[in-house]
Amino acid sequence: MARPRKPLLSRERIVETARALVDAEGLAAVSTRRLAAELGVSGPSLYNHFRTKDQILEAVADSVSAQVDLSMFDADDGRDWRTALHDWAVSYRAALTRHPNIVPVLARGPGRRPAGLRLADAVFGAMVDAGWPPAQATSIGALMRYFIMGSALGSFAGGFVDDETAYDPADYPHLGQAHLLADRQQIIDERAFEAGLRALLDGLALQYEQVGGAVRGR
């Protein structure tokens, strides 16, 4: 009986394997030697697809950007600019939450990454189409990115230890319940993100009225 053939090496297999390594062990775990071992191939064979480790990490980052839903920015979607931004931000944060270790690479900006550029193009185009001046549409894309990336870089609730003795009321009179935060990490962080997002969008809505976007927009 013929021996089963190994799956052909491809960019997709390399990126999937590298992403799994980053998710499990962090950016430092990725090397061409480690990837080759994980894929069952020789190290030089990777160079047919990627010249450097940095190129692999860029591709991993772009694969995460590709997970972000952009359908709310389609011309026939029907959501107004505020609802679209909200729903996009939630989808974006969800993708980053699934792959938090790649956020430092994503934070560098889209560079030449196709999915990252499509994301930036969709947000900017939707804001301009809604009536925002181009300069302010650029600022909106930037501030949303700062907010979403920042929320994914770490957990506020997870930053507190679950040891009640760490919060002596003589030193920290208002942190008597801080040791309980870590156990409620997900709900606290999600609630904080939603509160911040709505406050941000409320502020943008006020600016939108001032620039006359409500008249020109959808």
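The values are calculated or read from the model by the stated rules, or taken from the named source; none is laboratory data. Since the structure is predicted, the reported quantities are computational estimates derived from the model, not experimental observations. Note: ideal-geometry Cβ built from the backbone for every residue, glycine included; neighbour counts use all protein chains shown. Heavy atoms of the whole protein, side chains included, go into the accessibility calculation; ligands, DNA and RNA do not. Shrake-Rupley method; radii C 1.70, N 1.55, O 1.52, S 1.80 Å.
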(request) Out of the residues in segment 90-129 that are among the polar types (S, T, N, Q) and more than 15 Å from M144 (Cα to Cα), state the one that is surrounded by the most Cβ atoms within 10 Å (Cβ to Cβ). (result) N101
(message) When you scan segment 180-201, do you find a residue that is buried (at least 17 other Cβ atoms within 10 Å of the Cβ), in contact (Cβ under 8 Å) with a residue 60 or more places away in the chain and closer than 23 Å to D62 by Cβ, even just one?
(response) no
(request) Could you tell me whether any residue of segment 9-32 is on the phi > 0 side of the Ramachandran plot and either surrounded by 12 or more Cβ atoms within 10 Å (Cβ to Cβ) or touching a residue at least 40 places away in the same chain (Cβ under 8 Å) (or both)? (result) yes
(request) Sort through G159, G203, G150 and tell me the only one that's farther than 26 Å from P100 by Cβ, modelled with pLDDT of 90 or more and not basic (K, R). (result) G203
(request) Answer yes or no: is there a residue in segment 158-176 that is open to solvent by less than 30 Å² (accessible area, probe 1.4 Å) and in contact (Cβ under 8 Å) with a residue 24 or more places away in the chain. (result) no
(request) Kindly list the number of the only condition in (1) open to solvent by 60 Å² or more (accessible area, probe 1.4 Å); (2) touching a helix residue (DSSP H, G or I) at 6+ places or on another chain (Cβ under 7 Å); (3) touching a residue at least 40 places away in the same chain (Cβ under 8 Å) that fails for Q67. (result) (3)
(request) Please work out which one of (1) over 11 Å from the mean Cα position of the chain (by Cα); (2) more than 22 Å from E25 (Cβ to Cβ); (3) touching a residue at least 24 places away in the same chain (Cβ under 8 Å); (4) part of a helix (DSSP H, G or I) is the condition V60 fails and give its number. (result) (2)
(message) Quick check on F147: is it of a type in the set (F, W, Y) and over 18 Å from A84 (Cα atoms)?
(response) no
(request) Just need a number here: residues in segment 206-218 that are open to solvent by 30 Å² or more (accessible area, probe 1.4 Å) and at pLDDT below 85. (result) 5
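Table: residues versus (1) more than 17 Å from the chain's Cα centre (by Cα); (2) small (G, A, S).
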residue	(1), (2)
A142	no, yes
Y146	no, no
S151	no, yes
A157	yes, yes
V161	yes, no
T165	yes, no
D171	yes, no
D189	no, no
L206	yes, no
